[in-house]
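Report on one structure; see the data block that follows.
The values are calculated or read from the model by the stated rules, or taken from the named source; none is laboratory data. Just so we're clear, the structure is a prediction, and the values are computed from it rather than from any experiment. Glycine gets a Cβ as well: all are built from the backbone with ideal geometry, and neighbour counts include every protein chain shown.
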Amino acid sequence: MFSPIPDYLTEVLDGARSIVDGSVADYIPELAAADVDKIALAIALPDGHRYVVGDCDHVYSIQSMSKPFTYGLALSDNGIDVVLDKVGVEPSGEAFNEISLDDDGRPRNPMINAGAITAHSLIRAADPEERFARLLTLYSAAAGRELDVDERVYTSEAHTGHRNLAMGHLLRSVNILDCDPVDIVNGYFRQCSIRVTTADLALMAATLANGGVQPLTGEQVLPARAVRQVLSVTTSCGMYDAAGDWLSVVGIPAKSGVSGGIIGVLPGQIGIAAFSPRLDKHGNSVRGVHIFERLSADMGMHLMNVPPTHRTAIRSIDIVGDVEVVELQGALQFSNAEIIIRELVDNTSHPAPVVALDVRRVNSINDVARKMLLELLRRFVIEGKQVAIIDPDGAVGEVDLGDGIHAERWTSMPGETTRADDPGITPAR
Ligand code: DON
């Protein structure tokens, strides 16, 4: 049997082929030679599995899709506050190449060229070569393979990119850049000329979706806090003056590049990349936008389509001998941890001397939910109960409740026999 997913993706791609609107970027002469018939779509999952359809191995320059990664490294090198002093986080509502600064003299965000040039300058390095090498290493780590530079695209932009050079000089004049603006702008052109495929880009996007951990190698290529900041700004600014429309219609944090690619990141879920060279007036791939709109609508990928989780957090509450077993399930975070607490606090009858939280069906538990549940157990102890967590995989981690109180950690229920639907769980006590 074959998976229906590639068939669906092929259908999406084929649906976009008939769109011939837009035109290739020609202000970088080398990009004007792009093959407009090339089209590709790739999706990468958090375990690194990829679905690729169309011309996914076709190579092109990364252009502005590099900006989130450079911003991430700038954040990682300097911390958020230092970066915020130099480049803002507000959508500009302007074109990507607008020569404008905010009231504090900063570029409005790191996704427009002025902000991206500034972010490039914030990469810590002894010289431009080291700065570029660090970026190439980062992009390669996110793609999971050694990337390189398209020298023709670089030379083409370096010879014609007067507007970006003007921006560099402007930024230097207001001390946003504190080194040679020509070096920085050339470094930025080189960063934009790194060669990728749509399959690479899907993995790079999945690395951001995965909190900075590359799905295949397991390498933490950017700190999770930096990735959160990158994705916040990508959401509000990644599609330039089309960002509001994009967020409401597509709802997938995304960044486009004038070579024709768009990367999309659904946090915790998937990385997406689409490619087709013809662009709309904002500099976004026309077919790429169509593909993303379709994926979002068909596959429920809009960021605001979040299924309610809170009602299902408690699977069952049973009294088994001396133990009140509260079986939890799902992905635990504040809202469903609150439901668990409310249920157990409102229900004042806890007849058994032991209260055990069974987390064997919990898929994930965030830090807040973990703290809330441990505090709940601590309060049970103060009320005279013994407490335990049934947690054979150590999902809850340390079960120190503070004040020298510990919850017992069980690998199964006392006296429990292996369940038919839970093979492998054997009684530990
Ligand atoms: O700086 C430029 O103009 C290009 N190297 C990158 C612009 C870009 O990709 C805009 N995105 N759609």
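Exactly one condition in (1) crowded, with 21+ Cβ neighbours inside 10 Å; (2) closer than 19 Å to VAL174 by Cβ; (3) within 13 Å of the ligand (Cβ to nearest atom) is false for VAL83; which is it?
Looking at each condition in turn, VAL83 falls short on (3).
Can you tell which of LEU401, LEU376 is free of Cβ contacts under 8 Å to residues at least 60 places away in the same chain and under 19 Å from GLN333 (Cβ atoms)?
When all the criteria are applied, what remains is LEU376.
Looking at (1) surrounded by 16 or more Cβ atoms within 10 Å (Cβ to Cβ); (2) farther than 19 Å from ASN366 by Cβ; (3) of a type in the set (A, V, I, L, M), which one does ILE319 not meet, given that it meets all the others?
Here ILE319 meets the rest and fails (1).
Scan the stretch 137-153 for residues that are among the hydrophobic types (A, V, I, L, M, F, W, C), in a helix (DSSP H, G or I), under 26 Å from TYR240 (Cα atoms) and out of contact with any Phe, Trp or Tyr (no Cβ under 7 Å at 6 or more places or on another chain) and jot them down.
If the condition is that a residue be among the hydrophobic types (A, V, I, L, M, F, W, C), in a helix (DSSP H, G or I), under 26 Å from TYR240 (Cα atoms) and out of contact with any Phe, Trp or Tyr (no Cβ under 7 Å at 6 or more places or on another chain), then ALA143, VAL153 are the ones that fit.
Residues of the stretch 68-88 being within 16 Å of ASN113 (Cβ to Cβ), touching a residue at least 60 places away in the same chain (Cβ under 8 Å) and out of contact with any His (no Cβ under 9 Å at 6 or more places or on another chain), which ones?
PRO68, PHE69, TYR71, LYS86, VAL87
Just need a number here: residues in the stretch 176-199 that are in contact (Cβ under 8 Å) with a residue 60 or more places away in the chain and more than 15 Å from the ligand (Cβ to nearest atom).
Selection size over the stretch 176-199: 5.
Do we find that ARG134 is in the same structural domain as LEU177 (by the TED database), away from the ligand (no atom under 12 Å from the Cβ) and not in a loop (DSSP other than H, G, I, E, B) in this structure?
Answer is yes for this residue.
Within the stretch 232-250, restricting attention to residues that are touching a helix residue (DSSP H, G or I) at 6+ places or on another chain (Cβ under 6 Å) and assigned to a loop (DSSP other than H, G, I, E, B), which residue is surrounded by the most Cβ atoms within 10 Å (Cβ to Cβ)?
MET239
Just to be sure I understand the filter: pairs with C-beta atoms under 7 Å, separated by 6 or more residues or on different chains, first member in the stretch 260-282 and under 16 Å from GLN214 (Cα atoms), second member basic (Lys, Arg) and outside any loop (DSSP other than H, G, I, E, B). Which pairs pass?
So the pair list comes out as ILE263/LYS255.
Go through the stretch 44-68 and give me each residue that's crowded, with 24+ Cβ neighbours inside 10 Å and away from the ligand (no atom under 13 Å from the Cβ).
ALA44
Report, by residue number, each residue of the stretch 48-80 that is touching a strand residue (DSSP E or B) at 6+ places or on another chain (Cβ under 7 Å) and either of a type in the set (D, E, K, R) or within 11 Å of ILE123 (Cβ to Cβ) (or both).
ARG50, ASP55, LYS67
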